[in-house]
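In what follows, a structure is listed as structure tokens, so that the remarks can point back to it.
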Amino acid sequence: MSRDIIVALDEGTSNVKAVAIDADGRVVANASRSLTLLTPQAGWVEQDGAALLAESFAVVREVMEQVGAARVAALAVSNQRETAIGWRRDTGQPISPALTWQCSRSAPFCEQLRREQREAAIRAATGLPVAPLFSGSKMRWLLDNTPDGHARAAAGEICLGTIDAWLLWHLTGGRQFRCDLSNAARTQLLNLHRLQWDDEMLALFGVPRAALPELMPSAGEFGVTLGVPGVPDGMPILAMVGDSHAALYGHGLGRPGGVKATYGTGSSVMAPLGVPDTRITQLATTVAWHDGERPVYALEGNIPHTGDGVAWMLQATGLNRLPAAELAAQLQTLPASVDSTDGVYFVPALTGTGAPWWNDRARGVMCGLSRGSGQPHLVRAALEAIAYQIADVVDAMRQHPDFHLAQLMVDGGPTRNAWLMQFQADLLGCPVARSATAELSALGAGLLARRTLGRLSDAQLEPLLPAHECWYPDDARHQRYQESWQGWKAAVQRTLWQDAPVLA
């Protein structure tokens, strides 16, 4: 039997999926399980590392059972990015829950860095602004809150990593401690220009080099499986990459003009670049991937609350109690039942704002309410907030001289809402292209593994890319929505009032 299948594990924030991808790029089997987010304090968001492993391995087993392990040539991994976890090197047991990318418990340390005017140096080295989103400050918090944490990490007793390193460690029976460059670029510890851990950043964040994984291209030979129940030993792991980066690769292999937006709990808007440029302070510059031959860079804006903001609104309005099919229908019909929000804006800064504002002290605002405001206006405002936040990031990207927007390529659960896709196209004034596959992050990781397995070029991979469904902008609506976008920007300013003194 031919080994023609790549099994790609996509370890996200709210669920974990595995898909089997055949030699023609088709998804032929899949499995999914939900993941639990814990919020022990306001602004703290964490996950059980052992539960992440258990559910991840379970979906891999399920997919292998569907296609037959004898057909599987290799594994690939895409993962939620800035989430950080520490574990004991001798046992593989976590030293605490994983601190997710949404967690803002390291905000005081980030504020200290700003007060000490460290942000310019951090951005110049790593391409990232100071924010609790990124892993470095989370890793410091883990060591600060572990008995003798810093000394044990310096002695090599504690491992610190993003979720790709955590998964790889356990997939390989503790034999491989490695991290791909796209995930490493989200830690604030990687020098973006040398693609190595940066000594100055390690000292600044208090993270010992001995605690960090070996750096690897996104497409490469990461190791082989060992001791994973239901998974044959010796199966190669040939790609690891951050989920948003994998989605960009799966859309179009990083072709110029193809800007990607992943809609999920939060959102990532990413545009490929040939060389790193850290001068646009509203955005992050990052490694998109390393294909084994060369790095591809990207300009990115991270938004913490998009689908999450809609989920909050559904809970607040009671719509979350509807059956799933009825709820999906309501999310299409309610916003279309009114011509506008009638001046209502919802800014879902539930744990602060991401790009292009980067204010972790901001909190959510709903404004413009009148006696006539009703459920359709509130739901429409929550959906519009997704599109406005993405448009804010695209607007910041226009500052880059090499930036070109031919179309916005989209993926993720909220993209199933056709009303939202049309609103996004009208707002931006450009086509919005939704991938025909819902498993784009997994597909991108699988394509990188396929590249490694067959020593393939972009030209050879291009026939494996999925088709897209497009929405095209209407000129009249585009002009009207430009005006409402200005109202959104004014509403965002209200979230930033958290920095103003409280009047007696």
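The values are calculated or read from the model by the stated rules, or taken from the named source; none is laboratory data. Note that the structure is a prediction, hence the values are computed from the model and not measured. All Cβ positions, even for glycine, are placed from backbone atoms using ideal geometry, and neighbour counts span all protein chains on display. Heavy atoms of the whole protein, side chains included, go into the accessibility calculation; ligands, DNA and RNA do not. Shrake-Rupley method; radii C 1.70, N 1.55, O 1.52, S 1.80 Å.
Values for this structure:
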{"item": "Those residues of segment 1-22 which are within 20 Å of GLU82 (Cα to Cα) and either without any contact (Cβ under 8 Å) to a residue 12 or more places away in the chain or surrounded by fewer than 24 Cβ atoms within 10 Å (Cβ to Cβ) (or both), in sequence order", "result": "GLY12, THR13, SER14, ASN15, LYS17"}
{"item": "Criterion violated by ASP277 - all others in (1) in a helix (DSSP H, G or I); (2) modelled with pLDDT under 90 satisfied", "result": "(1)"}
{"item": "Among the candidates THR278, THR306, residue that is under 21 Å from VAL394 (Cβ atoms), in contact with a helix residue (DSSP H, G or I) (Cβ under 6 Å, 6 or more places away or on another chain), surrounded by fewer than 24 Cβ atoms within 10 Å (Cβ to Cβ) and β-branched (Val, Ile, Thr)", "result": "THR278"}
{"item": "Filter result for GLU200 (at pLDDT 95 or above and either within 23 Å of the chain's Cα centre (by Cα) or within 23 Å of LEU53 (Cα to Cα) (or both))", "result": "no"}
{"item": "Segment 130-153: number of residues that are in contact with a helix residue (DSSP H, G or I) (Cβ under 6 Å, 6 or more places away or on another chain) and more than 12 Å from PHE109 (Cα to Cα)", "result": "4"}
{"item": "Within segment 40-74, tally of residues that are open to solvent by less than 10 Å² (accessible area, probe 1.4 Å) and either in a strand (DSSP E or B) or at positive phi (or both)", "result": "3"}
{"item": "Wholly within segment 419-504, helices (runs of 4 or more DSSP H) carrying at least 1 residues that are open to solvent by 40 Å² or more (accessible area, probe 1.4 Å), assigned by the TED database to the domain that holds MET397 and charged (D, E, K, R)", "result": "475-495"}
{"item": "Qualifying position, being under 18 Å from ARG255 (Cα atoms) and either in contact with a strand residue (DSSP E or B) (Cβ under 9 Å, 6 or more places away or on another chain) or in contact (Cβ under 8 Å) with a residue 40 or more places away in the chain (or both), among PRO401, PRO466, PRO414", "result": "PRO466"}
{"item": "Selection from segment 218-233 of residues that are in contact with a Phe, Trp or Tyr (Cβ under 8 Å, 6 or more places away or on another chain) and assigned to a loop (DSSP other than H, G, I, E, B)", "result": "SER218, VAL228, PRO229, GLY230, VAL231"}
{"item": "Selection count where residues are of a type in the set (A, V, I, L, M), more than 25 Å from GLN102 (Cβ to Cβ) and surrounded by fewer than 21 Cβ atoms within 10 Å (Cβ to Cβ), scope segment 178-219", "result": "4"}
{"item": "Any chance GLY136 is assigned to a loop (DSSP other than H, G, I, E, B), of a type in the set (Gly, Ala, Ser) and under 27 Å from GLY223 (Cβ atoms)", "result": "no"}
